[in-house]
Amino acid sequence: MATWKIMIVDDHPLMRRGIHQLLSFESDFEIVGEASNGADALQLASEAEPDLILLDLNMKGMSGLDTLNAMRAEGIQSCIVVLTVSDSKADIRALLNAGADGYLLKDTEPDELIDLLKQALCGGKAYSEQVREYLEDNDSQESLLDSLTDREMQILQEVAKGFRNKQIAESLFISEATVKVHMKSLLKKLQVKSRTAATVLYLEAQGQ
């Protein structure tokens, strides 16, 4: 039976040992290397050519994001799944935008972790439930934002900066009455009742 070659990158020895032990129970997984920092991980990934790299986010020196960017820049084609304690929306968006094939939280149940890694190796994506919910909500928000006209988006961006209608009107060289018309329209499209709610939706979609 074919086996998948796995590489573990984490700066905590205890965490690496625990992950190694968990994955070694799987007959179709073969641990081909471990690294405690980004520089070593980059070299090892080039040499071992693993099928999957399990990558910590918060490491000393090169962060997980720096390491991921370096790996993709080097042309490393391995499936790379981030395993971290961070559920920050900004971290999730940054890592996925950088080319991660999954984002798992370290409190994921062991059996679920194994299943998700196999899913990623088979061409799917590996997301913890909390991460998947965020991405679904974010996709929904982005589709709502896509419904705005260019002018409505301009006004929303100004609202997000904290500007009032009069300031927006002066900035965009339109009348305050026109701003109010666009504001009413964009609130309806975004399915919210206030400027604050619209700002929150906009910023979340930007990963802020």
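Couple of notes before you dig in:
- When the inverse distances between all different Cα atoms of segment 61-170 are averaged and flipped, the Kirkwood radius reads 16.3 angstrom.
- HN-Hα J in Hz across segment 74-89 - Karplus 6.51, -1.76, 1.60, θ = phi - 60°, x for Gly and Pro: 7, x, 6, 9, 4, 5, 10, 10, 7, 10, 8, 8, 7, 9, 4, 4
- For GLY102, the amide hydrogen comes within under 5 Å of the amide hydrogens of VAL82, ALA126, counting only partners 5 or more places away or on other chains and with H modelled in the peptide plane.
- For the chain: span of alpha carbons on each principal axis (Å, largest first): 68, 30, 27
- Counting only Cα atoms, segment 96-144 measures 36, 21, 16 Å along its principal axes, largest extent leading.
- Karplus (6.51, -1.76, 1.60) ³J(HN,Hα), θ = phi - 60°, over segment 119-136, in Hz, Gly and Pro reported as x: 4, 5, 5, 8, x, x, 10, 10, 10, 5, 4, 4, 5, 4, 4, 4, 5, 5
- Spatially near lysine pairs across the chain, Cα under 23 Å, sequence gap of 8 or more or different chains: 24
- The tail of the calculated P(r) for segment 160-200 beyond 11 Å holds 62 percent of all Cα-Cα pairs.
- Calculated from backbone phi, Karplus (6.51, -1.76, 1.60) coupling profile of segment 169-175 in Hz, x at Gly/Pro: 4, 5, 5, 9, 6, 10, 7
- Cα convex hull of segment 129-168, projected area averaged across orientations, nm²: 3.4 nm²
- Computed in the context of the full set of protein chains, the accessible area of segment 127-208 at 1.4 Å probe radius has 49% of its extent on carbon or sulfur.
- Rg(Cα) / (2.2 N^0.38 Å) computed for segment 16-90, rounded to two decimals: 1.09
- The stretch between ARG151 and LEU203, if pulled fully straight at 0.36 nm per residue, gains 17.0 nm over its current Cα-Cα span.
- Take the chain with all the other protein chains still there, run a 1.4 Å probe, and you get 53 Å² of accessible area per residue.
- Kirkwood Rh (inverse of mean 1/r, distinct Cα pairs), segment 130-208, angstrom: 12.8 Å
The values are calculated or read from the model by the stated rules, or taken from the named source; none is laboratory data. Model, not experiment: these values are computed from the prediction. Quick note on the areas: whole protein, heavy atoms, side chains included, nothing else; ligands and nucleic acids left out. Shrake-Rupley method; radii C 1.70, N 1.55, O 1.52, S 1.80 Å.
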